[in-house]
Amino acid sequence: MKRIPVLLAEDHAIVRQGLRLLVEVDGDIEIVGEAKTGREAVQMTRELHPEIVVMDIAMPMLNGLEATRQILQAFPKTKVLILSAHSDPEYVEQVVKAGALGYLVKQSSGDVLAKAIRELHNGKTFFTPSIAKHLKDEYQKSTDGVGLRKKSNAQLTSREAELLQLIAEGQANKQIASELGISIKTVEKHRQHLMEKLNIHEIAGLTRFAIAAGIIESSVQSTIARDTPSK
């Protein structure tokens, strides 16, 4: 069985050790490295090529938000899962805009963290319930009272909705071309047209739109102790 390679970026050694034990217990996830600063996280991503980076926001030397930006700019196929004590909308919107595909509060259980890693591995997103609700509410407000599902259905053709889903699921142009049976050049043309049509010009924005519109479903944890910061 091929295991999911994961990099842990957390500045507290005892927390990193605990996370490693929790997520490796079932054998399908492998912690390939542990970074204790944001700069280390960027460098170790370059060296180890993890599929998923579990990133704490409060990192020394380079904060988790900026580390996420740098990682995804250099390695766009890498998937970042934020693990934070905070669930403030300000934090959430910044990291989602940076391209993170998941956001968990630290009160979440080890089982939930492992599930989140598996969901990102399978091309999905994973957010704490209150965060997923906030993202959906914000996008619905931005439509001036018109539901995004209705708006997206009215705007997008079947092929455009299909393309949007594949993009939001993290598929590269080559993979999308293979899936749809078209050329990479055609995919690029459709992607550009889609961005212009929705007036959204980055992948993170398309992903948020797809979640809010119901085109893709954000997997969320079924239980959570609280969404308030612990520190």
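These residues, Ser108, Ser178, Ser183, go from largest to smallest accessible area, 1.4 Å probe, as Ser178, Ser183, Ser108. The residues His193, His86, His49, sorted by heavy-atom accessible surface at 1.4 Å with ligands and nucleic acids left out, run His49, His193, His86 from largest to smallest. Multiplying the residue separation of Gln17 and Glu162 by 0.36 nm and subtracting their alpha-carbon distance yields 48.1 nm.
Taking R0 as 35 Å, what FRET efficiency do you get between Ala85 and Lys185 from their Cβ-Cβ distance, rounded to the nearest 0.05? Don't skip to the end; give the middle numbers.
On the way: r = 45 Å, r/R0 = 1.30.
That gives a FRET efficiency of 0.15.
Taken per residue, the accessible surface of the range 1-102 reaches 47 Å², heavy atoms only and a 1.4 Å probe. In the range 37-126, Rg over Rh equals 0.93, where Rg is the alpha-carbon radius of gyration and Rh the Kirkwood radius from pairwise Cα distances.
Local charge for Gly99 was computed over the other residues whose Cβ lies under 10 Å away, with Lys and Arg +1 and Asp and Glu -1, and equals +2.
The values are calculated or read from the model by the stated rules, or taken from the named source; none is laboratory data. Owing to the predicted nature of the structure, the values given are computational and were not obtained by experimental measurement. Positions of Cβ are backbone-derived with ideal geometry, glycine not excepted, and every protein chain shown enters the neighbour counts. In case anyone asks, the SASA skips ligands and DNA or RNA and just uses the protein heavy atoms, side chains included. Shrake-Rupley method; radii C 1.70, N 1.55, O 1.52, S 1.80 Å.
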